[in-house]
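Worksheet for the structure shown next.
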Amino acid sequence: MKQAPFTSKRWRRVEYERLVDVGAFEGEPLELLGGQLIVAEPQHSPHAAAVGMVGDTLRASLPPGWIIRVQAPVALDDESAPEPDVAVVRGSHADYRRAHPARAALIVEVAESSLAFDRAQKGSLYARAGIADYWIVNLVDRVVEVCRDPGPDLTAPFGWRYSSVERVRPPATLTLLELPQVTVPVAALLP
Amino acid sequence: MKQAPFTSKRWQRVEYQRLVDVGVFEGEPLELIGGQLIVAEPKGSPHATAVGMAHDALGVAIPAGWIVRIQDPLALDDESAPEPDVAVVRGSRADYRHAHPARAALIIEVADSSLAFDRVQKGSLYARAGIADYWIVNLEDGVVEVYRDPGADLTAPFGWRYTSVDRFRPGDSVAPLGVPAAPLAVAALLP
């Protein structure tokens, strides 16, 4: 028997944002990833604690002209509006009052049950969008996975993946690729 | 590695209906099937011909007080608004000007590339909704498949399936179950 045709609607980001604006998804934690509306997992307390630590640590280290956004949308591509746990972006909060930032110097996801998803799907999505620096705070193994050097890979969910993945543990420190003056201790990211 | 959490948004029929009403999906052939927005396949000429033949054959066979709806929505359940190729429903057209019918005495899908989907997914969906008489005009094999006696089956996509399946060939005739109509010649349904 041949494969059933079963194609889900692929949402465009502009369609999705229009529905968000009219309140169609109010109270629903969703992300648009590669055209699909994905339900966000509820957060356990280790996850929330780690997001807070990552946010505090980065905020304290960034030079003027850079901000962090916590679980706020990124206008990543025409069919994606993810809401990464933490994103480091240029400018001020007011710069994005009419449109979400399209680029980030660093994206951080805190992963517990979502580890495989954050590695494979989100990693591929961020790599495709050219995000140069993607960190996964892996609460399962208590390491930070630093993903860099995005390159094409047809076997990846979105055709791209990070060709360099480095696992770092305390007491190591990490330096942001785009902001070499910013160095943070790995221990400050792990609850 | 554990399975990634990857849950697509499940649409409620009322949400979907509201978006349809404001024109969000204008020009997009979609059906809501078990909470998922499924893109309808483009229809080839054999498909369109078979739909027309079923319409014509039923049009003369059914008595007053019944209507044939072609590729119109059914308010099948809380998370489904399929648009079957043919549905025979009770009443007059005007009865459904404010709301789509929830029930049909007979549903017909014309299947070529969609055969597996129409058998498995749609069959399970219609069985779950208690549709007593479901026919697939199977263009690949030149037969009409008649599905009856819906029953629970946990292995089916929506937990139900039809327990009786009969295949009819040109030369045979088949009478709708819940409509007081003359039997239809299978040859009149196959292009």
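The values are calculated or read from the model by the stated rules, or taken from the named source; none is laboratory data. No experiment lies behind these values; they were computed from the predicted model shown. Note: ideal-geometry Cβ built from the backbone for every residue, glycine included; neighbour counts use all protein chains shown. Heavy atoms of the whole protein, side chains included, go into the accessibility calculation; ligands, DNA and RNA do not. Shrake-Rupley method; radii C 1.70, N 1.55, O 1.52, S 1.80 Å.
For region B:36-105 and region B:134-191, write down the distance between their C-alpha centroids in whole Å.
16 Å
Report the local net charge at residue B:119: Lys and Arg +1, Asp and Glu -1, summed over other residues whose C-beta lies under 10 Å from its C-beta.
Numbers: positive: B:122, B:161; negative: B:109, B:118, B:145.
Residues close to residue B:119 contribute a combined charge of -1.
Which of B:183, B:91, B:59 sits farthest toward the positive end of the charge dipole of region B:33-191, with +1 on the Cβ of Lys and Arg and -1 on the Cβ of Asp and Glu?
The residue sitting farthest along the positive end of the dipole is B:91.
Tally Lys and Arg at +1 and Asp and Glu at -1 over the other residues with C-beta under 14 Å from the C-beta of residue A:98: what net charge comes out? Walk me through the numbers on the way to the answer.
Details: positive: A:97; negative: A:17, A:21, A:95.
Around residue A:98, the charge tally is -2.
Would you mind giving the mean number of other chain beta-carbons within 10 Å of the Cβ of each residue in B:111-120, as a whole number?
Working: counts 0, 0, 4, 3, 4, 6, 4, 2, 2, 3.
Mean partner shielding for this stretch: 3.
Quick one: the Cα spread of region A:42-189 along its three principal axes, in angstroms, biggest first?
39, 38, 33
Would you look at the GNM of chain A, springs on alpha carbons closer than 10 Å, and say which of A:80, A:45, A:92 moves the most?
A:45
In what sequence, largest accessible area first, do B:128, B:93 appear using a 1.4 Å probe? Numbers along the way, then the final one.
Working: B:128 85, B:93 135 Å².
From most accessible down to least: B:93, B:128.
Indicate, rounded to the nearest 5 percent, the antiparallel portion of the DSSP beta bridges found entirely in the protein assembly as shown. Let's see the in-between values first.
Numbers: 65 of 76 bridges.
The answer is about 85 percent antiparallel.
Just how large is the dipole of the protein assembly as shown about the Cα centre, in debye to the nearest 20, putting +1 at every Lys and Arg Cβ and -1 at every Asp and Glu Cβ?
On the way: 38 positive and 49 negative charges, 80 e Å.
Here the size comes out at about 380 debye.
Along the Cα-to-C-beta direction of residue A:90, a point sits 7 Å from the Cα; which residues of region A:143-183 have their amide N less than 15 Å from that point?
Backbone N within reach: A:177-180.
Where in region B:74-106 does the label zone of residue B:48 land, with the point 7 angstrom along Cα→C-beta and an amide N cut-off under 20 Å?
Under cut-off, by backbone N: B:83-87.
Specify whether the C-alpha gyration tensor of region B:44-191 places it in the rounded, prolate or oblate class, a ≥ b ≥ c being the square roots of the eigenvalues: rounded for a/c under 1.5, otherwise prolate if a/b is larger than b/c and oblate if not. Display every interim value, and only then the final one.
Details: a/c = 1.44, a/b = 1.03, b/c = 1.39.
It comes out rounded by the Cα gyration axes.
Using a Förster radius of 45 Å, what is the FRET efficiency between residue A:21 and residue B:94 based on their Cβ-Cβ separation? Nearest 0.05, please.
Working: r = 36 Å, r/R0 = 0.80.
Given R0 = 45 Å and the Cβ-Cβ separation, E is 0.80.
Note the angle between two axes, namely the Cα long axis of helix A:45-61 and the longest principal axis of the Cα atoms of chain A, as a number of degrees from 0 to 90, rounded to the nearest 10.
60 degrees
Taking chain B as the reference, fit the longest principal axis to its C-alpha atoms, fit the long axis of helix B:45-61 to the helix C-alpha atoms, and give the angle between the two in degrees, 0 to 90, nearest 10.
Approximately 60 degrees, to the nearest 10.
What's the magnitude of the charge dipole for region A:42-189 around its Cα centre, counting Lys and Arg as +1 and Asp and Glu as -1 at the beta-carbon? Answer in Debye, nearest 20. Present the calculation step by step, with values, prior to reporting the outcome.
Working: 14 positive and 17 negative charges, 52 e Å.
The dipole magnitude comes to about 240 debye.
On a 1.4 Å probe surface of the protein chains, which of A:12, A:119 comes out largest in accessible area, and what is the full order? Intermediate results must be reported in sequence, preceding the final value.
On the way: A:12 120, A:119 75 Å².
Solvent-accessible surface, decreasing: A:12, A:119.
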